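Any read-out appearing in this document is the output of simple, stated calculations on the displayed coordinates, not a laboratory observation. Values in this document were obtained by computation on a predicted structure and should not be read as measured data. Positions of Cβ are backbone-derived with ideal geometry, glycine not excepted, and every protein chain shown enters the neighbour counts.
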Protein chains: 4
Amino acid sequence: MSTFGHYFRVTTYGESHCKSVGCIIDGVPPGMKLDESDIQTQLSRRRPGQSRLTTPRNEKDLVKIQSGTEFGVTLGTPIGMLVQNEDQRPHDYTEMDLYPRPSHADYTYQVKYGIKASSGGGRSSARETIGRVAGGAIAEKFLREAYGVEIVAFVSAVGSVSLKRDPTDPEFLSLLNTITREQVDDAVPVRCPVPECAEKMIKVVEEMKAKNDSIGGVVTCVIRNAPVGLGEPVFDKLEAELAHAMLSIPATKGFEIGSGFAGTTIPGSQHNDPFFKDPETGKLRTKTNNSGGIQGGITNGENIYFSVAFKPPATISQVQQTATYDGTDGSLAAKGRHDPNVVPRAVPIVEAMASLVLMDAVMAQLARQGSKQLLPQLN
Amino acid sequence: MSTFGHYFRVTTYGESHCKSVGCIIDGVPPGMKLDESDIQTQLSRRRPGQSRLTTPRNEKDLVKIQSGTEFGVTLGTPIGMLVQNEDQRPHDYTEMDLYPRPSHADYTYQVKYGIKASSGGGRSSARETIGRVAGGAIAEKFLREAYGVEIVAFVSAVGSVSLKRDPTDPEFLSLLNTITREQVDDAVPVRCPVPECAEKMIKVVEEMKAKNDSIGGVVTCVIRNAPVGLGEPVFDKLEAELAHAMLSIPATKGFEIGSGFAGTTIPGSQHNDPFFKDPETGKLRTKTNNSGGIQGGITNGENIYFSVAFKPPATISQVQQTATYDGTDGSLAAKGRHDPNVVPRAVPIVEAMASLVLMDAVMAQLARQGSKQLLPQLN
Amino acid sequence: MSTFGHYFRVTTYGESHCKSVGCIIDGVPPGMKLDESDIQTQLSRRRPGQSRLTTPRNEKDLVKIQSGTEFGVTLGTPIGMLVQNEDQRPHDYTEMDLYPRPSHADYTYQVKYGIKASSGGGRSSARETIGRVAGGAIAEKFLREAYGVEIVAFVSAVGSVSLKRDPTDPEFLSLLNTITREQVDDAVPVRCPVPECAEKMIKVVEEMKAKNDSIGGVVTCVIRNAPVGLGEPVFDKLEAELAHAMLSIPATKGFEIGSGFAGTTIPGSQHNDPFFKDPETGKLRTKTNNSGGIQGGITNGENIYFSVAFKPPATISQVQQTATYDGTDGSLAAKGRHDPNVVPRAVPIVEAMASLVLMDAVMAQLARQGSKQLLPQLN
Amino acid sequence: MSTFGHYFRVTTYGESHCKSVGCIIDGVPPGMKLDESDIQTQLSRRRPGQSRLTTPRNEKDLVKIQSGTEFGVTLGTPIGMLVQNEDQRPHDYTEMDLYPRPSHADYTYQVKYGIKASSGGGRSSARETIGRVAGGAIAEKFLREAYGVEIVAFVSAVGSVSLKRDPTDPEFLSLLNTITREQVDDAVPVRCPVPECAEKMIKVVEEMKAKNDSIGGVVTCVIRNAPVGLGEPVFDKLEAELAHAMLSIPATKGFEIGSGFAGTTIPGSQHNDPFFKDPETGKLRTKTNNSGGIQGGITNGENIYFSVAFKPPATISQVQQTATYDGTDGSLAAKGRHDPNVVPRAVPIVEAMASLVLMDAVMAQLARQGSKQLLPQLN
């Protein structure tokens, strides 16, 4: 449904043509500094056409906090937030509305709900993700302040152009260790931090644009400094929650963590991550990180990293041979120009969902640790 | 935690060395014929060393229904089930217990819970999956009786040997359309239904065995005849629930649905699934199925298919250089012989988790449809 | 937390001094006519000072639907709603803020959250109930349209003045059978439909007002025409959910259903409700209704009725001897005049919470029934 | 459904005639000493015919822990528990089965599930409460070890014989302060700690027995030493969760906390609980305790006390005029002798449910506190 999380929960509402989109964030720790600027930054990063070259402050998608803070500090009560929609009127039906758009949610929404929303796919609208990003920004601020957690997503592939996502490659591991959001945003407009890849990606996108076609890609995300012990066995392993979160983002088709699908071809003797003692902290760490920072569903203190596959946008200006809702063959062409690649915009959404997952796991583990500490010591 | 599902829920308990493992299944539809044989079949398929050549009836992992049925019919009340453990005693500690096993859950469990279970990784034991398979068998029986749903998983890759998982390949689509569990089980011992692949897989496994090493693989699963309209936007899209379910299975590293990661390289004009009217049923169908049977998080009536990546088993008999819990370097070698590849045994677990996801989505949609039908018709 | 319900869920936000209060309603059946007037009626009934003598349309607490409907029909997607707060600024601290108000939530909120909201008790503000009433109005509309369910609450006691709430009294049973909201609202300003009681209640309230004191009371509620079979054993029995819902309303101290506390003194031979066949419908009914329409946690088709105890308002203008947050003895007197009795305003809140409980139970039962109907008939 | 709690959860299964009844307890803090004797004590207290005069060790209802502990210490993983049923066979139908027993759940279960269990009311069987008591015993042990929490329930009324449950009465308050389970159990067989009441209660029960009739009563419960700050606004106020828990116990008809229904007649000036500084601890306390230890849904550190109304047992040996399932008038008489009053046996069930509620609230608050402590101090 429209609620995500257990201890720290976001509940969202809104589609394309209604008055506003928004969310309620429940379970926010009290006593944290928070104002709209903490949230606006990530919301602006998910806007179409954002880049550091363009003016950073356009007056769109401005979030307004409704409740849950006073004098810039969280009260611990639910935080309501909303963003006005610009186009608030459901449109009149046109001939195009006779067709369920191929690989959109028009057909499935109609069968599921037995009613046709003006926007076709109802909540499958990209505007739905605003509530996620707003909620994720609050979670992320807490994680940063409490643990120094850093969450950075970036575009690792567009079409067939891909940076080497290989956990046995020192260059890739180094990228995961050091990459910042600033570096990602500098890589306009594709948000791929490896310049030679970025250039090729731009070309791919331009080619698709020229052909009125579209192309997908991959977003990779790293979470640094997560404490050891997060993730709830057995059904709510951290990677299971991450996979759930990521596959709930529109247009996603795949998720892999650590060595992922490639890891299926590596023998166990190489794939296993042996332990050593970190001389600085005295804590156990692993020499390699094929596990992607999670073992048995629980964080082990190494970098958590994962990748998410996004399909090509379904809306293209090319004519498509398809059928109407009542089964009559015909052809459909989307009007206007459409974005041939949306992966860069998915970057802050992936970061937001990762923040929500981690935050929920943190709260669960704090409850457990807190309860254990109250018990008499065993001898 | 240890509960999966909302309307149809499985809650499990048990680790390796306790008295029994088991589960409670809540939300079972009343009035369905059910006895232990309905559940035992899948439980036996997940046993080590099962094949159709060996005797099908070994006296292990026998499930006993505790409640929720009378005279072989479900009452609608919770079904308790349990399977005895053979080795019920926590073992005494040995030198090997000084080492957290690399890429196992020993270390993370110890930090998370602040206590060390005899079995090391506690609930990360493979025996934990018994409860899932038992619950899944009940869900699956309902889905089959109510809708004729068929769920078949098979091994699609072992190490680098892979059948062509290409949604644009007619052979692959045909395999998805026709494959049966009998065919899968005939393909002993690897459960790969393509004979030339199966042979190569067996060789890979034998090589690994000879080297005291291990190797991972991929399980692909198809769900046929699912009704249109399943899946709850926005956070509980069907693919999100499937991803959650699959990544909660031990040793999984990735999930992809429909065109998956490969779909990111296909232009939208080819990737989109155009509609046509099925002459037999009069219903809309899609000509291609890159969507994997789900659009906007909701089933569209086509085959649902997805793949799950399993890493190589972490337990190998080779000596591994690693460190003890307190950080002292040393070497660790697992005693005895270990299974170099567990992917075939994962087949019924993947089927079970798929059944649980689908069943939960069915219940949610039945509630919605039922409520809508009670409303006066709009004119 | 701030979410109530499972299949049909309301999530609320907001306290006294923030921008707005509001809610998100998830799980609304699609295809139901709905606009703001459906919701405003009950919201206006919960406003202070409402009576049929005063102008019914003051421009306060106007609800605005944000999402989930188009052209006046529900889409099945979440309905966001909000009501602006008039006083949106947290106030500056005064000497009165040094004192936790006796029997308010000031002290407990401060300890729980470790932070002091301007409004003292944070979410314990009466404005928090706006979201409940808004959500309840949607549930209620569905229940009325789908089943002809009627939910009517009324004031049955103020202080020691009480109408006879005796399930063995034909007059009381007749009242439950026939009472309407119009009759309740005609009984201004106490919403007690028995005129002789109402008069005495008014006197009690006036006496309390004169003494700068306050007094509590009881709200009784009847639900007519609920279908048989609602309520989920064992933890979510319908009366358990009703009790939960009612005790979550601010200032409540008790709940009883059917014969309630008085029923503990009636021998079983009289208390049991024998069955008979209703000649009109051919269905089983009970001759008496000490059960209050629920047996074993499940509705039996008879009127559901229950009562809720409300304590006297804690805010009084009398001087109270108490202590400051840091424990210094002192005296506190609330400024201004305060409502000596809030029970009449609780009437629509009780109705709203009853609607939410019933709606959630309806959805659960529709899922079960729907699933059972898909199974082959047993013979 | 059959799960109670969020962070600390009990899930139960089982009815009268199945193999066993049992439960899974999830979210148990790791590192707590626990063996079967911790649980058996309360299970034995809920057995029929238990008193300190009779032999305490009858070999019935022996609980067996299946998982989640090793060497007598909790692992933090789910604890499975079960108790064998003695009569495991569904019985053959007799003429009596033609009649839905008045004020039992036979009729409602049949309509709800569309199937008739041998035991009539399925999960409405008293044996269902075994799982609750087992789970409650674990929660209670934690609460005692962590905070010194004491939970004591006792019979405060049988029929019209009642001890004075008056929060303004020093004797009642003193009883709440000092009463122990030993005192309660000494008061065999009615578990009423006030001897003159107990005697009268015994007479009432004997009278009812002589008449083949039955009678209800009230159980009052006090929770001492609960920490300040428990309870989750707004829907999960502690009293709301307690009310939910108590009304989910079979045969309950009412719940009141603190001053309860009587509090509705006390003016606010007397009802308010003024604060003072406890000279010993330096903490704020209240001079009176009409609030029952909860303000705004949150514990304030005072004794939490509440009462639960139980109706007379529906099974009586008297002939009752009623109707069969198909509506034919007739008469029904239960065979054998039946317990005319079950309130004493409800005492440990009330304690168990109270423990579960408190434990869940503790975990939620520990998560909040833990998260707040990680934030930088505000200045």
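Quick notes
- Alpha-carbon centroid distance for the pair the stretch A:295-338 / the stretch A:224-268, whole angstrom: 21 Å
- Helix-only mean residue ellipticity at 222 nm for chain C, each DSSP H run of n ≥ 4 adding -39500 (n - 2.57), per residue, nearest 500: -9500 deg cm²/dmol
- Environment charge of A:GLY370, counting only residues whose C-beta is closer than 12 Å and scoring Lys/Arg +1, Asp/Glu -1: +4
- Projected over all directions and averaged, the alpha-carbon convex hull of the stretch A:60-203 occupies 13.7 nm².
- When chain B is treated as a Gaussian network with alpha carbon springs shorter than 10 Å, the biggest mean-square fluctuation among B:ILE202, B:ILE223, B:ILE24 belongs to B:ILE202.
- Geometric extent, Cα atoms of the stretch D:167-211 - Rg, Dmax (angstrom): 12.6, 38
- Förster radius 60 Å - calculated FRET efficiency between A:LYS33 and A:GLU171, Cβ distance, rounded to 0.05: 0.95
- Along principal axes, Cα extents of the stretch A:217-294, largest first, whole Å: 44, 28, 25
- Our compactness index for the stretch C:317-379, the C-alpha radius of gyration over the empirical 2.2 N^0.38 Å, is 2.42.
- Of all stretches in chain C that contain no trypsin sites (Lys or Arg not before Pro) in a DSSP loop with at most 10 other Cβ atoms within 10 Å, the longest one is C:58-334.
- Stokes-Einstein diffusion of the stretch B:186-344 at 37 °C, 0.692 mPa s viscosity, Kirkwood radius from Cα pairs, rounded to a whole number: 176 µm²/s.
- GluC sites (Glu not before Pro), loop per DSSP, at most 12 other Cβ atoms within 10 Å - longest free stretch of chain C: C:87-279
- Student exercise, chain D dipole from Lys, Arg, Asp, Glu Cβ charges, in Debye to nearest 20: 120 debye
- Euclidean distance between Cα centres, the stretch B:181-196 to the stretch C:124-189, Å: 65 Å
- Positive-pole candidate from B:LEU230, B:THR286, B:SER214, dipole of the stretch B:214-320, charges at beta carbon: B:SER214
- Distance between modelled label sites at D:GLN270 and A:GLU196, nm, 7 Å Cα→Cβ extension: 8.8 nm
- Projected onto planes of every orientation and averaged, the convex hull of the alpha-carbon atoms in the protein assembly as shown covers 51.8 nm².
- Ratio Rg/Rh, restricted to the stretch C:3-374 and using Cα atoms, in which Rh is the Kirkwood radius: 0.98
- Distance between the pseudo-spin-label points of B:LEU378 and A:TYR147 (7 Å out from Cα toward the beta carbon): 4.5 nm.
- Of all beta-carbon atoms in chain B, the one sitting closest to the axis that brings chain B onto chain C gives B:ALA367, 2, with the distance in whole angstrom.
- Span-rule helices in chain B, defined as complete DSSP H runs reaching 20 Å or more along the axis (Cα) with Kyte mean at least 0.0: B:129-147, B:343-374
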